[in-house]
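Have a look at the structure below, then the notes.
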Amino acid sequence: MTTSDPEDSDDFDVAKIASMLEKSTLSSQLDAAVDGSYPSEEEARKVGETVLFFLKVFGAFLQLDGLEVVTVADDYNAALAKIERGFETNAPLTPTNDEFGTGTAMAVPVLRNGAIKTHIVMYSGLARALTLPDHELYPLSVHLLAHETAHAHDHGVLGRTLPELAGKPV
């Protein structure tokens, strides 16, 4: 099998892709808060727009109307610590850091007006890789963002099916 330009393929149909994106459950009002050291404001904006594009694609398959905000940060730990969760807890947000790996993205359930929402935080090094399809971390970055987006979907399902658990330990 030979590889060809996707635009020459019968599988690449701009109208189908546009139709899929129109079905996305991602709010058009969602913002990506990009924090950190970037060579230019344009580069930071590109990272944020790329993250939002991937979320829009994932939103064609997952229910993402409960995604409140996405934060991309150089200081991942500090970004997690700043999240106002909307409920009392003694468990601070800490990334995984063990023999299996180090956490670089997290979908945090938050409580807003009695409803479960999600705040995704992603380490900027991985978010930057999303803008570079040839980057060695690109596949991992897409996978991690999709994984966290699936958690956002699950938070929404939990909130709709068991609203009495909102803000309570499960």
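The values are calculated or read from the model by the stated rules, or taken from the named source; none is laboratory data. Here the structure is a predicted model, which is why all the values come from computation and not from measurement. All Cβ positions, glycine included, derive from the backbone under ideal geometry; neighbour counts span all protein chains shown. The protein model used for the area step is the full one, side chains on, heavy atoms only, and it has no ligands, DNA or RNA in it. Shrake-Rupley method; radii C 1.70, N 1.55, O 1.52, S 1.80 Å.
Conditions (1) at positive phi; (2) outside any loop (DSSP other than H, G, I, E, B); (3) in contact with a Leu (Cβ under 7 Å, 6 or more places away or on another chain), marked per residue:
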position	(1), (2), (3)
GLN29	no, no, no
THR50	no, yes, yes
PHE53	no, yes, no
LYS56	no, yes, yes
ASP65	no, no, no
GLU68	no, yes, no
- Query: Which one of ALA79, ALA146 is under 26 Å from ALA44 (Cβ atoms) and buried (at least 21 other Cβ atoms within 10 Å of the Cβ)?
  - Reply: ALA79
- Note on the structure: Among the residues of the stretch 107-123, the number that are under 13 Å from the mean Cα position of the chain (by Cα) and open to solvent by less than 40 Å² (accessible area, probe 1.4 Å) is 7
- Do we have ALA44 as open to solvent by less than 30 Å² (accessible area, probe 1.4 Å), among the small types (Gly, Ala, Ser), under 13 Å from MET122 (Cα atoms) and modelled with pLDDT of 95 or more here? no
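Yes/no per residue for (1) among the aliphatic types (A, V, I, L, M); (2) open to solvent by 40 Å² or more (accessible area, probe 1.4 Å); (3) out of contact with any helix residue (DSSP H, G or I) (no Cβ under 8 Å at 6 or more places or on another chain); (4) touching a residue at least 60 places away in the same chain (Cβ under 8 Å):
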{"residue": "SER24", "(1), (2), (3), (4)": "no, no, no, no"}
{"residue": "GLN63", "(1), (2), (3), (4)": "no, yes, no, yes"}
{"residue": "THR71", "(1), (2), (3), (4)": "no, no, no, no"}
{"residue": "ASP74", "(1), (2), (3), (4)": "no, yes, no, no"}
{"residue": "PRO92", "(1), (2), (3), (4)": "no, yes, no, no"}
{"residue": "PHE100", "(1), (2), (3), (4)": "no, yes, yes, no"}
{"residue": "THR104", "(1), (2), (3), (4)": "no, no, no, no"}
